[in-house]
Amino acid sequence: MSNTDLPANVHVLRPRKVSLSEKLDLFLDEHGLDLKEAAKQPDPSRPKSINGNALVCASCGEAEYLTRDYCRCGHYLRGQLEDEYLAWENQVYDDHNKLADAIALKIKPLRYLFAIGLPFLVGPMLYLNFWADSFTLYPLLWMAPGILISGIVALTEKVLTRPLEASAHFLNTYSIETFIDQRFFQLKVIDQ
Ligand SMILES: [Zn+2]
């Protein structure tokens, strides 16, 4: 075979992957200096994507300043932000309703417990009012379990409903600023 003769399957030959040394490849991989990584260098005039002041454009995937109504690619950022805010708002209400349902389920047995304790409170009071000839301490002793049960019920209910109160307070006080802060916080958590 002469130097000018080519093998019949020349068209399926692929260029060999040239590697200068394994150490160099490793170095480039570690420091992200190969061409593919270099191409990903962010545009310095764009904000960092993980930034409380930035929004990642849904159209081009680049970060853009929140204060801009339109991304540099022409996408309407204000609309995107409002859509995200509405979705977040729905989620907040949804979470609150789920929490309220879950807590209502936990509180239900307490109502039965209170119903058990109620006769201990009402009975001695009726007795003292209508049937007792003279005031005695004896009926008051009967009230002790009722007082204990109602005390436990009130305390447990207070503890159980605390997260719901906090959630209701959040619903009354949140704003789009809260949404932007939370979104930034979530981005940071995802990034870590
Ligand atoms: Zn864009």
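The values are calculated or read from the model by the stated rules, or taken from the named source; none is laboratory data. Everything numeric here is computed off the predicted structure, so don't read it as measured data. Glycine gets a Cβ as well: all are built from the backbone with ideal geometry, and neighbour counts include every protein chain shown.
Could you run through segment 79-88 and say how many residues are within 15 Å of the ligand (Cβ to nearest atom) and surrounded by fewer than 14 Cβ atoms within 10 Å (Cβ to Cβ)?
Of the residues in that region, 2 qualify.
Being among the aliphatic types (A, V, I, L, M) and surrounded by 16 or more Cβ atoms within 10 Å (Cβ to Cβ) is the filter; apply it to segment 43-55 and report the residue that is nearest to the ligand (Cβ to nearest atom).
Across segment 43-55, the extreme among qualifying residues is L55.
Could you tell me whether segment 58-65 includes any residue that is within 23 Å of the chain's Cα centre (by Cα) and loosely packed, with under 13 Cβ neighbours inside 10 Å?
The answer is yes; a qualifying residue exists.
Hey, among Q91, Q182, which residue is among the polar types (S, T, N, Q) and surrounded by 13 or more Cβ atoms within 10 Å (Cβ to Cβ)?
Numbers: Q91 fails: surrounded by 13 or more Cβ atoms within 10 Å (Cβ to Cβ).
Matching residue, one of Q91, Q182: Q182.
Restricting to segment 126-182, what's the tally of residues that are within 26 Å of the chain's Cα centre (by Cα) and outside any helix (DSSP H, G or I)?
2
May I ask you to list pairs of residues, at least six apart or on different chains, whose Cβ atoms are under 7 Å apart, with the first in segment 113-137 being more than 18 Å from V153 (Cβ to Cβ) and the second being aromatic (F, W, Y) and assigned to a helix (DSSP H, G or I)?
Once the first residue is more than 18 Å from V153 (Cβ to Cβ) and sits in segment 113-137, its partners that are aromatic (F, W, Y) and assigned to a helix (DSSP H, G or I) give P124/W142.
Under 8 Å between Cβ atoms, which residue pairs at least 6 apart in sequence (or on different chains) link something in segment 59-75 that is within 7 Å of the ligand (Cβ to nearest atom) and outside any loop (DSSP other than H, G, I, E, B) with a partner that is modelled with pLDDT under 95 and of a type in the set (V, I, T)?
Short answer, once both residue conditions are applied: E64/V56.
Count, please, the residues in segment 105-115 that happen to be among the aliphatic types (A, V, I, L, M) and surrounded by 13 or more Cβ atoms within 10 Å (Cβ to Cβ).
Here the count works out to 3.
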